[in-house]
Amino acid sequence: MSEWTKRHLLDVEELSKEEIEMVLDTARSFKEVSSRDVKKVPALRGKTVVMLFFEPSTRTRTSFELAAKRLSADTINIAVNTSSLSKGETILDTARNVEAMNVDAIVVRHATPGVPQIFAHNLKSSIINAGDGCRSHPTQALLDMFTIKEKLGRLEGLKVGIVGDILHSRVARSNLMGLTKMGAEVTVCGPSTLIPVEIEKLGAKVSYDVDKVIKQSDVMILLRIQKERQKDHFLPSIREYAIEFGVTTERLKQGKKELLIMHPGPMNRGVEISSDVADGEQSLILEQVTNGVAVRMAVLYLVLGAK
Ligand code: CP
């Protein structure tokens, strides 16, 4: 195995195929730690990891915090709403002040694309992107790839459908970049208003027919329909989306018995996914969450240069 050389994790695009394999292999060895009675190894003892989330999060923030704690790092959550940001301090000044307390890694989520890159250019700590606007969510793509590989033993040659609001989805973009790099064939699907123009140039196939995608896929990643987008007239109505694109048990009957269903969360039951599919045998949704801890342990371990 070659050496890990990156101090930050900003995007999936910046990782080579070998580096993605390295994250997945490292995560595989860490997954077992979370099933022990004592869920801790000393790999990052003495390191400090700060969570700086300017947007809401359940899964990503909690799993990064658990990942750091299970590697014995100290963790701090900055409560953005009660920080001095509300008094007009810039986000970079906030981050610089946090760093001045000798932290080792900052995990950042922000609604504006590019904030993690600005931190990486201006700070000495390791910066990990936990989602920036509609642009990138690298650890979600890594945990999705880990989950698929764990179930099916490979990524190469698989047909993966990503269905929903592709235009505004950082998860879609990062998964497209990662999965195609690993040799999977990715078809994005949704209403034409929610598919970015020229997405084929990033390696995606495009379909506007979810039934076709169900018939051809090994794995489907369903995305949340962001209700707040409706006022921008991307969709005639949420109900219409559910009828045209919502994945239901009835629709799934057209696909392979082994077709796997994934969703990064949070999900709208009854819109992009019916409750029986979300809770059904083909669903990997909670396994994705479980695997998120192992993958984030791997990322922290690698970027912090643990031995
Ligand atoms: N998948 C995901 O990013 O979920 P959270 O917004 O809860 O972190």
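The values are calculated or read from the model by the stated rules, or taken from the named source; none is laboratory data. In this text the structure is predicted, and so the values were computed from the model without any measurement. Please note: Cβ atoms are built from the backbone with ideal geometry, for glycine as well, and neighbour counts cover all protein chains shown. Note: areas computed on protein heavy atoms with side chains; ligands, DNA, RNA excluded. Shrake-Rupley method; radii C 1.70, N 1.55, O 1.52, S 1.80 Å.
Assess whether Arg109 counts as being of a type in the set (Lys, Arg), within 16 Å of the ligand (Cβ to nearest atom) and open to solvent by less than 30 Å² (accessible area, probe 1.4 Å).
So Arg109 passes the test.
Considering the stretch 28-71 alone, what residues qualify as being in a loop (DSSP other than H, G, I, E, B) and among the hydrophobic types (A, V, I, L, M, F, W, C)?
The answer is Val38, Val41, Ala43, Leu44, Phe54, Leu71.
Take the conditions touching a strand residue (DSSP E or B) at 6+ places or on another chain (Cβ under 8 Å), surrounded by fewer than 23 Cβ atoms within 10 Å (Cβ to Cβ), free of Cβ contacts under 8 Å to residues at least 40 places away in the same chain and within 15 Å of Met262 (Cα to Cα) and apply them to Thr180. Does it pass?
no
Between a residue in the stretch 244-272 that is without any contact (Cβ under 8 Å) to a residue 12 or more places away in the chain and any residue that is more than 16 Å from the ligand (Cβ to nearest atom), which pairs come within a Cβ distance under 6 Å, given they are 6 or more apart or on different chains?
Cβ pairs passing all conditions: Arg269/Ser275.
Give all pairs with beta carbons closer than 8 Å in which a residue from the stretch 192-203 that is without any contact (Cβ under 8 Å) to a residue 24 or more places away in the chain meets a residue that is outside any loop (DSSP other than H, G, I, E, B); count only pairs at least 6 apart in sequence or on separate chains.
From residues that are without any contact (Cβ under 8 Å) to a residue 24 or more places away in the chain, the pairs are Glu200/Val206.
I'd like to check something: does the stretch 258-275 contain any residue that is among the hydrophobic types (A, V, I, L, M, F, W, C) and farther than 18 Å from Ile225 by Cβ?
Checked the stretch 258-275: at least one residue is among the hydrophobic types (A, V, I, L, M, F, W, C) and farther than 18 Å from Ile225 by Cβ.
Return a yes/no flag: does the stretch 197-210 have any residue that is closer than 21 Å to Ala278 by Cα, within 16 Å of the ligand (Cβ to nearest atom) and open to solvent by less than 10 Å² (accessible area, probe 1.4 Å).
no
Looking at (1) closer than 30 Å to Glu18 by Cβ; (2) in contact with a Phe, Trp or Tyr (Cβ under 8 Å, 6 or more places away or on another chain), find the lone condition where Pro191 falls short.
The single condition Pro191 does not satisfy is (1).
Please specify each residue of the stretch 249-289 satisfying the condition of being of a type in the set (S, T, N, Q) and surrounded by 15 or more Cβ atoms within 10 Å (Cβ to Cβ).
If the condition is that a residue be of a type in the set (S, T, N, Q) and surrounded by 15 or more Cβ atoms within 10 Å (Cβ to Cβ), then Asn268, Ser274, Gln282, Ser283, Gln288 are the ones that fit.
When the residues of the stretch 47-61 are filtered to those that are more than 8 Å from the ligand (Cβ to nearest atom) and open to solvent by 10 Å² or more (accessible area, probe 1.4 Å), which remaining residue is farthest from Ala79 (Cα to Cα)?
Lys47
Pick from Asn102, Asn81: which is of a type in the set (S, T, N, Q) and part of a loop (DSSP other than H, G, I, E, B)?
Asn102
Results for (1) away from the ligand (no atom under 12 Å from the Cβ); (2) within 17 Å of Ala294 (Cβ to Cβ); (3) not in a helix (DSSP H, G or I), shown as yes or no for each residue.
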site: Ala130; (1), (2), (3): no, yes, yes
site: Cys134; (1), (2), (3): yes, no, yes
site: Met145; (1), (2), (3): yes, yes, no
site: Ile166; (1), (2), (3): yes, no, yes
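For the stretch 23-32, state whether one or more residues are among the polar types (S, T, N, Q), under 22 Å from Leu286 (Cβ atoms) and within 16 Å of the ligand (Cβ to nearest atom).
Within the stretch 23-32 (the criterion being among the polar types (S, T, N, Q), under 22 Å from Leu286 (Cβ atoms) and within 16 Å of the ligand (Cβ to nearest atom)), the answer is no, since none of the residues qualifies.
Restricting attention to the stretch 1-17, does a residue exist that is assigned to a strand (DSSP E or B) and either within 21 Å of the chain's Cα centre (by Cα) or of a type in the set (D, E, K, R) (or both)?
Looking through the stretch 1-17, at least one residue is assigned to a strand (DSSP E or B) and either within 21 Å of the chain's Cα centre (by Cα) or of a type in the set (D, E, K, R) (or both).
Just one of Ile76, Ile91 is at negative phi and open to solvent by 80 Å² or more (accessible area, probe 1.4 Å); which is it?
Exactly one residue qualifies, and that residue is Ile76.
So, of the residues in the stretch 112-128 that are touching a helix residue (DSSP H, G or I) at 6+ places or on another chain (Cβ under 8 Å) and not in a strand (DSSP E or B), which turns out to be most open to solvent (accessible area, probe 1.4 Å)?
Once the filter is applied, the top-ranked residue is Lys124.
Just for helices (runs of 4 or more DSSP H) wholly inside the stretch 205-307: which have at least 1 residues that are closer than 21 Å to Arg173 by Cβ?
Result: 210-216, 238-245, 285-303.
Got at least one residue in the stretch 260-282 being more than 16 Å from the ligand (Cβ to nearest atom), over 24 Å from the mean Cα position of the chain (by Cα) and within 25 Å of Thr147 (Cα to Cα)?
For the stretch 260-282, residues more than 16 Å from the ligand (Cβ to nearest atom), over 24 Å from the mean Cα position of the chain (by Cα) and within 25 Å of Thr147 (Cα to Cα): absent.
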